[in-house]
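Taking it in order: structure first as structure tokens, then the write-up.
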Amino acid sequence: MKMSILAILTAAVIGSSASSETMVRIGHFPNITHAQGVIAHALSRQGKGWFEQHLGPDTKIEWFVYNAGPSAMEAIFANSIDLTYVGPGPALNAYTKSNGAEIRLIAGAAEGGAGLIVQPDQNLKAPTDFRGKKIATPQLGNTQDISCRAWLTEGGLKITQLGGDASVIPTANPDQLALFKSKKIEAVWTVEPWLTRLEQEASGKVIVEEKEVATTVLVSSAKFMTQRRELAKKIAQAHAELTDWITRNPDEAQKLIKAELLAETKSDMSAELISAAWKRINFTSETPRASVEKFVQNSVRAGFIKTAPDFSKLFETP
């Protein structure tokens, strides 16, 4: 059967349209400290995509949600995503692991919003107080895990990945709360909104708060930066403008976060909880060079990397 001229032309137009569509794959975590990713994902879900509007009508954003940094970095290595919001710890570890070949840090996203919280009836203050204690962190090698291990080590304790003077136990954020409530762990080093949840729902006491430490950065695969630099430049600019919008419109931003976290986690977070957690976080797109250098020292101290890497390729402005 012969195809009509109209059918042939229609197929050609559809094929041309499909091939001209640009897909960008971006990751984030279901955390308040990943506000830019959470909010942009919410707007994409509503058909009002922030990045889509900045990148043009032929660009589609595909969102991926991860629970901790190492998983997101593996996705970059596997070429499953192009960019992701992630903690500086896993970004540095991935950069080092690939000898600087795979990861590029293109912008900051958030600082603060993380810390160490302990049981209300435990007199735990200094690292030496944690001898024989159990501390939960989100995932082995994630930013809070590295901070925790480095803090304990700097305080004189011997910490290994499997034990040591204190047990640092990688535990998914939702499970941390249940374990803390049941007194099966003495402390948690985590990130918002979990820090505030542990404080409000389990009467935890925050004894270390990382106020001026980078919590979230925006990284790109080196391949994406090399092959689609103009697009990466537009994404970095859209990210900076979104960060500015978030700081100027906290109420609206928090409503979007509340709705999106419900969609992603099927758990409804109260507006009061989000507001309380918000106070601990500073959203900024400035590249956190000083914080990254500190995380390098922490990663060395915690045993995740042997020596400080060459930073010449890590920081890259599109």
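The values are calculated or read from the model by the stated rules, or taken from the named source; none is laboratory data. What you see is a predicted model, and the numbers here were worked out from it, not measured in a lab. Virtual Cβ from ideal backbone geometry, glycine too; neighbours counted across all protein chains shown. Protein only, heavy atoms only, side chains kept; ligands, DNA and RNA dropped before computing areas. Shrake-Rupley method; radii C 1.70, N 1.55, O 1.52, S 1.80 Å.
Summary table below
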read-out: Exclusive hit being at pLDDT 95 or above and of a type in the set (A, V, I, L, M, F, W, C), set LEU261, LEU218, LEU273; value: LEU218
read-out: Members of the range 17-61 found to be part of a loop (DSSP other than H, G, I, E, B) and over 21 Å from the mean Cα position of the chain (by Cα), listed by number; value: GLU21, GLN46, GLY47, LYS48, GLY56, PRO57, ASP58
read-out: Spans of helices (runs of 4 or more DSSP H) in the range 244-318 with at least 1 residues open to solvent by 50 Å² or more (accessible area, probe 1.4 Å) and under 18 Å from VAL217 (Cα atoms); value: 289-302
read-out: Residue list for the range 62-85, filter: part of a loop (DSSP other than H, G, I, E, B) and farther than 14 Å from GLN139 by Cβ; value: ALA78, ASN79, SER80, ILE81, ASP82
read-out: SER220, sole failed condition from (1) at positive phi; (2) in contact with a strand residue (DSSP E or B) (Cβ under 6 Å, 6 or more places away or on another chain); value: (1)
read-out: Subset of the range 134-166 that is outside any strand (DSSP E or B) and charged (D, E, K, R) - its residue that is surrounded by the most Cβ atoms within 10 Å (Cβ to Cβ); value: ASP145
read-out: Any hit, the range 280-290, residues being of a type in the set (Phe, Trp, Tyr), in contact with a strand residue (DSSP E or B) (Cβ under 8 Å, 6 or more places away or on another chain) and farther than 30 Å from LEU162 by Cβ; value: yes
read-out: Condition broken by PRO193, with the remaining ones in (1) modelled with pLDDT under 90; (2) more than 20 Å from SER275 (Cα to Cα); (3) crowded, with 19+ Cβ neighbours inside 10 Å satisfied; value: (2)
read-out: Residue that is nearest to ILE146 (Cα to Cα), among those in the range 86-111 that are assigned to a helix (DSSP H, G or I) and of a type outside the set (Ser, Thr, Tyr); value: GLY89
read-out: Filter result for the condition that a residue is modelled with pLDDT of 95 or more, surrounded by fewer than 24 Cβ atoms within 10 Å (Cβ to Cβ) and over 10 Å from the mean Cα position of the chain (by Cα), over ALA94, ALA75; value: ALA75
read-out: Among (1) at positive phi; (2) touching a strand residue (DSSP E or B) at 6+ places or on another chain (Cβ under 9 Å) - the single one PHE295 does not satisfy; value: (1)
read-out: Some residue of the range 121-131 being open to solvent by 10 Å² or more (accessible area, probe 1.4 Å) and aromatic (Phe, Trp, Tyr); value: no
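Yes/no matrix, rows are residues, columns are (1) closer than 30 Å to LEU157 by Cα; (2) open to solvent by 70 Å² or more (accessible area, probe 1.4 Å); (3) of a type in the set (A, V, I, L, M); (4) touching a residue at least 12 places away in the same chain (Cβ under 8 Å):
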position: VAL168; (1), (2), (3), (4): yes, no, yes, yes
position: ARG197; (1), (2), (3), (4): yes, no, no, yes
position: VAL208; (1), (2), (3), (4): yes, no, yes, yes
position: GLU212; (1), (2), (3), (4): yes, yes, no, yes
position: LEU218; (1), (2), (3), (4): no, no, yes, yes
position: LEU231; (1), (2), (3), (4): no, no, yes, yes
